[in-house]
Amino acid sequence: MGTYVLVHGAWHTGKELEPVAAAIRAAGHQAYTPTIKGNRPGDSKSTGLDEAIRSIVDYFIENDLSDVVLVGHSYGGMIITGVADRIHDRVRRLVYWNAFVPNNGESLIDMVPPPFARMFEAIAAERGDGSVVLPFQIWREAFINDADLDTAQRAYRVLNPHPLKTLTDTIVLKVNPAELTVAKSYVNCTEDTSLPHHHPWHPRLSQKLGLFRLIQVAGSHELCFSNPARLAQAILEAGRD
Amino acid sequence: MGTYVLVHGAWHTGKELEPVAAAIRAAGHQAYTPTIKGNRPGDSKSTGLDEAIRSIVDYFIENDLSDVVLVGHSYGGMIITGVADRIHDRVRRLVYWNAFVPNNGESLIDMVPPPFARMFEAIAAERGDGSVVLPFQIWREAFINDADLDTAQRAYRVLNPHPLKTLTDTIVLKVNPAELTVAKSYVNCTEDTSLPHHHPWHPRLSQKLGLFRLIQVAGSHELCFSNPARLAQAILEAGRD
Amino acid sequence: MGTYVLVHGAWHTGKELEPVAAAIRAAGHQAYTPTIKGNRPGDSKSTGLDEAIRSIVDYFIENDLSDVVLVGHSYGGMIITGVADRIHDRVRRLVYWNAFVPNNGESLIDMVPPPFARMFEAIAAERGDGSVVLPFQIWREAFINDADLDTAQRAYRVLNPHPLKTLTDTIVLKVNPAELTVAKSYVNCTEDTSLPHHHPWHPRLSQKLGLFRLIQVAGSHELCFSNPARLAQAILEAGRD
């Protein structure tokens, strides 16, 4: 069976993807949930994008992973793009799940509307340690709109402040995703409103992949909390040959 | 548990939302289904928008309703926006279900394509009593496309001629919905074709709410007839904290 | 009960729609699955669009079919539009299932992005017998993205080379579909990525029908292979009065 590596989004760690990984394992696969440098307990909040990408490259090498279906959520799209660019021979397929798709020279901030970028920078300036957090009301209404309040609150409590530099650093790629000779899929949660409707995930970002497989599933940006088993099914449909 | 007030659309009365209200009550909530002035048996078809809004404000006061999840369908979006502007302290959350979202000074007619406006005015001119009706073929194909013919016909027979003035009057608001400090949700039926695809409900109208919670559900503009229990579930997901 | 005629798309024959027809028959209807001239074993690959349309007109006459719900898939939309234009008195309703909708004087190639047209012409030039085939990778990722690999491979093996002339010939119609006085429906598979997202099936092509009934269903362009029973249900909801 296959090997899945699930790369979390901003403010998360790998631990929040464990219920998804468990459902993938129950279907007979191996599943790993590393935490990106900058989001681990004690990590410096001045971590940049290159260090973040390298931490997942190192994870592949330390665990001797190959033939991997590499899944990235949201900010994790920056990471898996960078990992595949550096060690594409270890990657069987890339799966972007409501994830950013950068071309060479782009940052995550380049792909969000200017008011979001300004909000992040204002929050980071107030915090003073290089990190950004998400106000609860935005989280509840626009990120986890499909969950009940209790789930939304429990999930919010495990989030960690995210290093802003990983969002503003531009990525360095040898080839853009559309030219990368690795199979690609995009999982789109159809009620994901974390980006506004005139700046959607799909098809605005997905089409930067060139030929890709689309899988859609009902749910918010945070389906990992509201329905991890259903998300795992979508990832398996996206990740199979 | 919560208190839901369901405000119907043009041509309807509260009675048509009773099956939805029953499913909301079965989940442990209170649910009310008032009929807007202009749509009650015997009402003058020259009723205007302000009178229509005031009739629901009066309903709140007569029934001493507070902490209300106020739901509006279609034209009902004009009404709940006006009610919340006048008595926002009685409203816990606004839920727009494929509903119009007006800013100050807008009429419903301003938010539909010009051919629709001309059709309504031509029908009203022919009827001569200030009311407008919907041709059956448009109702069957574009409003209740998800139902069988028998359901479509039975539903059509209970519709009442709608006062055109409520659709052409402009609304007077102290603040636009995006600035209103009340929580907001939008329920979007994904097969609603009552507005044409280049003039959609969502995101064209929903985004006028500012920060809002999106809930989507399969179904036509008239899901209250074709699947009231499923609609009730969507309203509860939209209406909870 | 009703009479359904299912008209396949490019590269297919009627046989691939038999599982869909079987589910329609199980609901109490008659269902026919003719193969268009140009796709039958031994047919010349220089068959043009007019001959292709006439072969289905002939099928109606030979089988004395009337009061038909006429369903077309993809390229089959060209055919059913032509058939209805010639013998509209035998057609009860047209159902376009992720199908092309031509106006008078348009070809299928006019409705696809220029790179697709160039790819088809390059493949046909290489083959030299007037036919075009689809590369497996495009089939697997963009046409049958919802199936497992085994289903995708089995389906690919039954495809037949398609006569390019049927795709480049312009159609001759007495009236455009929007003016045709026959009821019309559009079935849209929501994960159909066989046309790119800036050139979608719905609403770009569906709106050429004028007033029509929209039915949506989860699935790829090739739902006939991945879930024929679910497709049959959608066709029945589209085809009923």
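The values are calculated or read from the model by the stated rules, or taken from the named source; none is laboratory data. Just so it is clear, the model here is predicted, and its values are computed rather than measured. Because the Cβ atoms are built from the backbone with ideal geometry, glycine has one as well, and the counts that use them run over all protein chains shown. In case anyone asks, the SASA skips ligands and DNA or RNA and just uses the protein heavy atoms, side chains included. Shrake-Rupley method; radii C 1.70, N 1.55, O 1.52, S 1.80 Å.
A few notes on this one:
- Closest approach of a chain B beta carbon to the axis mapping chain B onto chain A (residue, whole Å): B:T190, 5.
- Average beta-carbon neighbours from other chains, 10 Å sphere, peptide A:195-203: 2
- Principal axis extents of the C-alpha atoms in chain B (largest first, rounded to whole Å): 46, 38, 36.
- Position B:P113, label points 7 Å along Cα→Cβ, spacing to each other copy in nm (shortest first, one decimal): 2.5, 2.5
- Ligands, DNA and RNA left out, the accessible area of chain B computed with a 1.4 Å probe is 51% carbon and sulfur.
- Between A:R92 and C:R230, the simple spin-label model (points 7 angstrom out along Cα→Cβ) gives 2.4 nm.
- Here the simple spin-label model places points 7 Å from the Cα toward Cβ, and for B:V57 and C:E62 these points are separated by 7.2 nm.
- For the protein assembly as shown, adding -39500 (n - 2.57) for each run of n ≥ 4 DSSP H residues and dividing by the number of residues yields -9500 deg cm²/dmol at 222 nm.
- Relative contact order [Cα under 8 Å, 6+ residues apart], region C:70-181, whole percent: 34 percent
- Above-threshold pairs, the threshold being 28 Å between Cα atoms, out of B:K208/C:K184; A:K37/A:K174; A:K184/C:K184: B:K208/C:K184; A:K184/C:K184
- Computed over protein heavy atoms with a 1.4 Å probe, the accessible surface of chain A works out to 37 Å² per residue.
- The accessible-area loss of region B:136-183 on complex formation, taken against its chain alone with a 1.4 Å probe, reaches 50 Å² or more at B:E141, B:N145.
- Karplus-based coupling profile of region B:9-19, in residue order and whole Hz: x, 4, 6, 9, 10, x, 4, 5, 9, 4, x, with θ = phi - 60° in 6.51 cos²θ - 1.76 cosθ + 1.60 and x standing for Gly or Pro.
- Inter-copy label distances at A:P196, using a point 7 Å along Cα-to-Cβ, come to 2.7, 2.7 nm with the shortest given first.
- Spatially, region C:121-188 and region B:172-241 are offset by 37 Å when compared through their Cα centroids.
- Derived from the Cα gyration tensor, the three semi-axes of the equivalent ellipsoid of region A:1-80 are 21, 14, 10 Å, largest first.
- Amide H contacts of B:V7 (H built 1.01 Å from N, under 5 Å, at least 5 apart or other chain): B:V71, B:G72, B:H73
- Computed across region A:81-177, the Kirkwood hydrodynamic radius from all distinct Cα-Cα pairs reaches 15.5 Å.
- With both residues required to sit in chain C, DSSP beta bridges show an antiparallel share near 10%.
- Under 14 Å from the A:Q137 label point (7 Å along Cα→beta-carbon), backbone N, region B:62-103: B:93-94
- For the protein assembly as shown, the share of DSSP beta bridges that are antiparallel, to the nearest 5, is 10%.
- What separates the C:I61 label point from its copies, with the point 7 Å along Cα to Cβ, is 7.5, 7.5 nm, written shortest first.
- Residues of region A:209-241 whose accessible area (probe 1.4 Å, heavy atoms of protein chains only) drops by at least 30 Å² once all protein chains are present, relative to their chain alone: A:L211, A:F212, A:R213, A:L214, A:Q216, A:R240, A:D241.
- Taking every protein chain into account, the 1.4 Å probe leaves A:H29 with about 40 Å² of accessible area, to the nearest ten.
- Region B:66-71 - phi-based ³J(HN,Hα) in whole Hz, Karplus 6.51/-1.76/1.60, Gly and Pro as x: 8, 6, 8, 7, 9, 10
- B:E18-A:L211 FRET efficiency (beta carbon distance; Förster radius 30 Å; 0.05 resolution): 0.05
- Reachable aspartates and glutamates from C:K165, criterion Cα separation under 17 angstrom, eight or more residues apart if same chain: C:D43, C:D50, C:E51, C:E106, C:D110, C:E121, C:E126, C:D129
- Ordered from highest to lowest accessible area with the whole protein assembly present and a 1.4 Å probe, A:H88, C:H198, A:H162 read as C:H198, A:H88, A:H162.
- 5 angstrom amide H check on C:L214, placed H, neighbours 5+ away: C:Y186
- Within-10-Å neighbourhood charge of B:S185 [Cβ basis; K, R +1; D, E -1]: +2
- Note on chain B: GNM, Cα springs under 10 Å; of B:A99, B:A52, B:A178, the largest mean-square fluctuation is that of B:A178.
- Rounded if a/c under 1.5, otherwise prolate or oblate - the protein assembly as shown, Cα gyration tensor axes: oblate
- Most mobile listed residue (C:P163, C:P203, C:P115) in chain C, GNM with C-alpha springs under 10 Å: C:P115
- Region C:100-241 shape via C-alpha gyration tensor axes, a/c threshold 1.5: oblate
- Each residue was assigned an accessible area with a 1.4 Å probe, and for B:T168 the value is about 50 Å².
- The contact between chain C and chain A removes approximately 1100 Å² from the accessible area (both sides summed; 1.4 Å probe; ligands, DNA and RNA excluded).
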